[in-house]
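Before any comments, here is the structure.
The values are calculated or read from the model by the stated rules, or taken from the named source; none is laboratory data. Keep in mind it's a predicted model, so treat the numbers as computed, not measured. Note that we place each Cβ from the backbone using ideal geometry, even for glycine, and neighbour counts take in every protein chain shown. Heavy atoms of the whole protein, side chains included, go into the accessibility calculation; ligands, DNA and RNA do not. Shrake-Rupley method; radii C 1.70, N 1.55, O 1.52, S 1.80 Å.
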Amino acid sequence: MRNDLDFAPLYRSSVGFDRIFNLLNNAQRLQAIDTWPPYDIVKTSDDDYRIEMAVAGFGDSDLDIVQERNVLVIKGQKAEVKDGEYLHRGIAGRSFERRFELADHVKVEDASLVNGLLSIALKREIPEAMKPRKIAIGTASEQAAPLQIEAERQVA
């Protein structure tokens, strides 16, 4: 049973939250959740995160990590090697694609593969223009006149 939410009332009273509503709608549409490969998301500080993914049997050349705007895509494709007949195959080596929605201003710092564990470091870097700033309160007489652009002076 699916329970769809109607975001129409929120669209009428908010500005600039379209992306959030789209994320919520997309999350509702997910039907089958793929649990392979297993991964952890770790918050190491206020602005630092790490994704750890267990990719046993995959090498550096088998993995592809791409950040497209606010989406991190991790793909794994292993070349098929015929080195005998498997009687039991318990180590998964199938191809995968895992997508992570990233918040605004979150960038991939680096990635490493050690002992079958892919570790991707993420950092949120908020631009100076978007950081909170203190506004001084002053009287109208203390404030400087607005700056004006001077027209080009012509030399006679």
Item checked: Selection status of residue 94, exposed (fewer than 14 other Cβ atoms within 10 Å of the Cβ), in a loop (DSSP other than H, G, I, E, B) and at pLDDT below 90 -> yes
Next item on the list: Given the conditions (1) within 30 Å of residue 131 (Cβ to Cβ); (2) part of a strand (DSSP E or B); (3) touching a residue at least 12 places away in the same chain (Cβ under 8 Å); (4) among the hydrophobic types (A, V, I, L, M, F, W, C), report the number of the one that residue 103 does not fulfil.
Entry: (2)
Item checked: Failed condition for residue 41, given (1) more than 24 Å from residue 22 (Cα to Cα); (2) open to solvent by 70 Å² or more (accessible area, probe 1.4 Å); (3) hydrophobic (A, V, I, L, M, F, W, C) -> (1)
Next item on the list: Those residues that are touching a residue at least 24 places away in the same chain (Cβ under 8 Å) and not in a strand (DSSP E or B), I need them from the range 64-91; list them, please.
Entry: 70, 91
Next item on the list: Could you check, for the range 127-134, whether at least one of its residues is open to solvent by 100 Å² or more (accessible area, probe 1.4 Å), under 20 Å from residue 70 (Cα atoms), touching a residue at least 40 places away in the same chain (Cβ under 8 Å) and not polar (S, T, N, Q)?
Entry: no
Item checked: Residues (under 16 Å from residue 110 (Cα atoms) and either under 18 Å from the mean Cα position of the chain (by Cα) or open to solvent by less than 30 Å² (accessible area, probe 1.4 Å) (or both)) located in the range 52-62 -> 52, 53
Note to self: Quick check on residue 120: is it among the aliphatic types (A, V, I, L, M), assigned to a loop (DSSP other than H, G, I, E, B) and out of contact with any helix residue (DSSP H, G or I) (no Cβ under 8 Å at 6 or more places or on another chain)?
What the structure shows: no
